[in-house]
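Shown next, in structure tokens, is the structure this report addresses.
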Number of protein chains: 2
Amino acid sequence: MTAAKNDRLTIRDIAALAGVSAGTVSRAMNGQPGVGAATRDRISAVIAEHGFRVDPTARQLSTGRSRTLGVLFPLHASEVVLHPVYPALLGALGDAAERAGYDLLLLTMSGQKSAHVLDTVSRRRVDGVVLPAAGARDPIIKQLVGLGAPTVLIGHRSKLPGVGWVDCTHDAAATELTQLMISGGRRSLVLLNGPTHVSACKLRSTGFWSAVKAAGIPGAREVSVPFDTAAAAAVALDLLRGPNRPDAIVCASDTIAAGVLETARTLGLSVPDDVAISGFDDRSLAAHTQPALTTVRMPLQETGHAAAHMLFAMLGDEPLTSRHIVLPTQVIVRDSTPRAAR
Amino acid sequence: MTAAKNDRLTIRDIAALAGVSAGTVSRAMNGQPGVGAATRDRISAVIAEHGFRVDPTARQLSTGRSRTLGVLFPLHASEVVLHPVYPALLGALGDAAERAGYDLLLLTMSGQKSAHVLDTVSRRRVDGVVLPAAGARDPIIKQLVGLGAPTVLIGHRSKLPGVGWVDCTHDAAATELTQLMISGGRRSLVLLNGPTHVSACKLRSTGFWSAVKAAGIPGAREVSVPFDTAAAAAVALDLLRGPNRPDAIVCASDTIAAGVLETARTLGLSVPDDVAISGFDDRSLAAHTQPALTTVRMPLQETGHAAAHMLFAMLGDEPLTSRHIVLPTQVIVRDSTPRAAR
DNA sequence: CTGAAAGCGCTTACAG
DNA sequence: CTGAAAGCGCTTACAG
């Protein structure tokens, strides 16, 4: 006799009320076979009347499964990387988890010390882990897999066996934007990319160069900057004042594009006539820049849902169709790129 | 016999290895009195050699306490409000929780439907809840308190009895910035505030007006805009082109200040000579604007730690000094405000 | 179809 | 100072 009594009903209370045994209530609650229809109804009625939620702790001790999903926050990621992705993603994860009866454990990792995260996953018997901003943090990914925890990455197409991921078509979007520039008559192209160790940036680079090569356009360049408006503005100054000024700059984020727009304005260049500019992310600012920014919308909600459901599938709750999902992005054409002239 | 056997050692294994009973191991582990020094050492040695982590699930079932803290994410908050605060705050919360042996449960609430959050807190016996971006969401605050869950708000000074909060001196910072403007000779002041339902914005307003009144300066104005650069730029255009152009604009965020800076540049106004501008938040952009932005740094790490420790104190783990903590902000003077001319 | 019982891994009065 | 035992609230073979 240890834990304090409280007013919560236990499965035994329900059993007594329904005139059956606790085991039968358990079977009925969990939708298991071997409970008579009448008994089932009686139990449902009692639960409906008196209210009863199974104690997840007791269930876990008995089954060994926690019905808990870990969400790993990479706190060392720059604020700018974090920003646009999280709220929508978390909302979708939370919704999916709620619907499936899972709870979410928040795993934070300051720096690279993964020991505590691994310990928590193991102690709490976390059923699976989502890494919403996976990337070059490979050590922990491998360690999680080593622990036997089903792992789903968002935004990083890991080659590790068993690891699932959900990503979107950064490459195709970059290709489409670049083609938009080319079909609008642009011939001096620059990709103002983010940090090249970011998986999404690698894909954007691939997409850019594939369009450039397909069109046989020489002299295209790629420059890498942090996801920072001011830094982008500074680099844009060099580009736009330098020799062979580009007439199209594909930017890897709206924040980068904002810096380029700013510099263009400072230099008195007209957008898109003198230089066409595109962004990525479709953040709220993109619709309000002058001119409004052509950009790419990511399927954030869908990504969160897909990641959650992939995890449920890995846990055997749903059929597992694929461990690797690529969702479509959507190019939003506004006024900062040339009208398709063809 | 239900849960799958695994390789993890139980307290009974340790007890056997140390030649004592499980109860004694439990008492030794938990630092309880009534265990001989020699026994204690032997148990420590065994644990050190073989490794052992107590199963939190079993402990919880026995004690009724989960050693889990809830972190409530307000997903309906705009991305801009969320942004600057979360990573540092979560990191600090995570650190503090880790050190105290607590885990963090991620509570998401899409829209205003709090039922699931309350149910989770109750089912999982969450020991206490932190609301990192509390505000006008009062319904859930009251409901959490009603559940008996110790509750700590960040950024909202609730009047509800029993509710703890950690906030910082938004008001004093606004006063200091305003005085900086006044002592620099500015006499036509505007507070370009954020949404007035945000608690921090109310305090910033208070601080601004208190400085204005103390200096006896007439004609000061306050205008409210969303936390959005483009929206701020539009409002700034009206202000800076209208009659009696302000010579100082105190902005409620760096994003707002960025819009004002942009408009000033567009209009060919010199900052700070024609119009002085200050921000709030000290986001990374603030150091890189042209001119660099005078702004306010929030004690985010300290806030996270304070919130966590207040919760521990409410849970009886630490002495509770106060349920209401106001931490100091720091005004960062850069080049967008007048040099203190006196 | 249903019940009685054992077990999940801890903690904590209760004895001694 | 230490052990034996009961209990936390479930689940699930095992019988019937």
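Limited to the stretch A:250-282, what total is found for residues that are within 14 Å of chain B (Cβ to nearest Cβ), within 17 Å of A:Gln330 (Cβ to Cβ) and either hydroxyl-bearing (Ser, Thr, Tyr) or out of contact with any Pro (no Cβ under 9 Å at 6 or more places or on another chain) (or both)?
The qualifying residues number 3.
Across the stretch B:283-310, which residue is surrounded by the most Cβ atoms within 10 Å (Cβ to Cβ) among those that are free of Cβ contacts under 8 Å to residues at least 60 places away in the same chain and not hydrophobic (A, V, I, L, M, F, W, C)? Show your work before the answer.
The initial filter retains those residues of the stretch B:283-310 that are free of Cβ contacts under 8 Å to residues at least 60 places away in the same chain, namely B:284-293, B:295, B:297.
Still in the running and not hydrophobic (A, V, I, L, M, F, W, C): B:284, B:288-291, B:295, B:297.
On the way: B:Ser284: 18, B:His288: 17, B:Thr289: 25, B:Gln290: 14, B:Pro291: 14, B:Thr295: 29, B:Arg297: 17.
If we take residues in the stretch B:283-310 being free of Cβ contacts under 8 Å to residues at least 60 places away in the same chain and not hydrophobic (A, V, I, L, M, F, W, C), then B:Thr295 is surrounded by the most Cβ atoms within 10 Å (Cβ to Cβ).
Among the listed residues B:Gly164, B:Gly207, B:Gly155, identify the single one that is in contact (Cβ under 8 Å) with a residue 40 or more places away in the chain, more than 14 Å from chain A (Cβ to nearest Cβ) and at negative phi.
On the way: B:Gly207 fails: in contact (Cβ under 8 Å) with a residue 40 or more places away in the chain; B:Gly155 fails: at negative phi.
Step by step, each of B:Gly164, B:Gly207, B:Gly155 is checked, and only B:Gly164 is in contact (Cβ under 8 Å) with a residue 40 or more places away in the chain, more than 14 Å from chain A (Cβ to nearest Cβ) and at negative phi.
Looking only at residues that are open to solvent by 30 Å² or more (accessible area, probe 1.4 Å) and at the interface with another protein chain (Cβ under 8 Å from one of its Cβ atoms) in the stretch A:88-101, which one is modelled with the lowest pLDDT?
A:Asp95
For the stretch A:268-342, which fully contained strands (runs of 3 or more DSSP E) count at least 2 residues that are within 19 Å of A:Leu89 (Cβ to Cβ)? Reasoning before the result, please.
Values: elements: A:276-278, A:295-297, A:324-327, A:330-332.
The qualifying strands (runs of 3 or more DSSP E) are A:295-297, A:324-327.
Could you name every one of the strands (runs of 3 or more DSSP E) located completely within the stretch B:153-255 that has at least 3 residues being open to solvent by less than 10 Å² (accessible area, probe 1.4 Å)? Talk me through it step by step, then tell me what you get.
Values: elements: B:164-168, B:189-193, B:221-224, B:248-251.
Per the criteria, B:164-168, B:189-193, B:248-251.
Could you check B:Ala313 against (1) open to solvent by 20 Å² or more (accessible area, probe 1.4 Å); (2) free of Cβ contacts under 8 Å to residues at least 24 places away in the same chain; (3) among the hydrophobic types (A, V, I, L, M, F, W, C) and say which number it fails?
All conditions are met except number (1).
Which one of these does B:Ala45 not meet: (1) modelled with pLDDT under 90; (2) in the same structural domain as B:Gly31 (by TED's automatic domain parsing); (3) not aromatic (Phe, Trp, Tyr)?
(1)
Can you tell me which of (1) within 10 Å of chain B (Cβ to nearest Cβ); (2) at pLDDT below 85 is the one A:Asp119 doesn't meet?
With (1) within 10 Å of chain B (Cβ to nearest Cβ); (2) at pLDDT below 85 applied to A:Asp119, the lone miss is (2).
Before we move on, is B:Ala149 in contact (Cβ under 8 Å) with a residue 60 or more places away in the chain and assigned to a helix (DSSP H, G or I)? Give the derivation first.
Values: in contact (Cβ under 8 Å) with a residue 60 or more places away in the chain: yes; assigned to a helix (DSSP H, G or I): no.
Spelling it out, it is not the case that B:Ala149 is in contact (Cβ under 8 Å) with a residue 60 or more places away in the chain and assigned to a helix (DSSP H, G or I).
Can you tell which of B:Arg157, B:Arg125 is of a type outside the set (S, T, N, Q) and within 22 Å of A:Tyr102 (Cβ to Cβ)?
Values: B:Arg157 fails: within 22 Å of A:Tyr102 (Cβ to Cβ).
Checking each option against the conditions leaves just B:Arg125.
I'd like to verify a number: residues in the stretch B:23-34 that are within 9 Å of DNA strand D (Cβ to nearest atom) and either within 14 Å of chain A (Cβ to nearest Cβ) or more than 18 Å from B:Gly51 (Cβ to Cβ) (or both), how many?
Applying the first criterion (within 9 Å of DNA strand D (Cβ to nearest atom)) to the stretch B:23-34 yields B:23-28, B:32-34.
Adding the requirement that they be either within 14 Å of chain A (Cβ to nearest Cβ) or more than 18 Å from B:Gly51 (Cβ to Cβ) (or both) leaves B:23-24, B:26-27, B:32-34.
Selection size over the stretch B:23-34: 7.
Please verify whether the stretch A:102-111 includes one or more residues that are at pLDDT 90 or above and more than 10 Å from every other protein chain (Cβ to nearest Cβ). Steps first, please.
Initially, the stretch A:102-111 is screened for residues at pLDDT 90 or above, giving A:102-107.
Still in the running and more than 10 Å from every other protein chain (Cβ to nearest Cβ): A:102.
Scanning the stretch A:102-111, I find at least one residue that is at pLDDT 90 or above and more than 10 Å from every other protein chain (Cβ to nearest Cβ), so the answer is yes.
Would you pick out the residues in the stretch A:46-66 that are away from DNA strand C (no atom under 12 Å from the Cβ), open to solvent by less than 60 Å² (accessible area, probe 1.4 Å) and either part of a helix (DSSP H, G or I) or free of Cβ contacts under 8 Å to residues at least 12 places away in the same chain (or both)?
Listed by number, the residues that qualify are A:Val46, A:Ile47, A:Pro56.
The values are calculated or read from the model by the stated rules, or taken from the named source; none is laboratory data. Predicted, not measured: the structure shown is a model, and the values here were computed from it. Heads up, the Cβs are rebuilt from the backbone with ideal geometry, glycines too, and the neighbour counts pull from every protein chain shown. Surface accessibility is based on the protein's heavy atoms, side chains included, excluding ligands, DNA and RNA. Shrake-Rupley method; radii C 1.70, N 1.55, O 1.52, S 1.80 Å.
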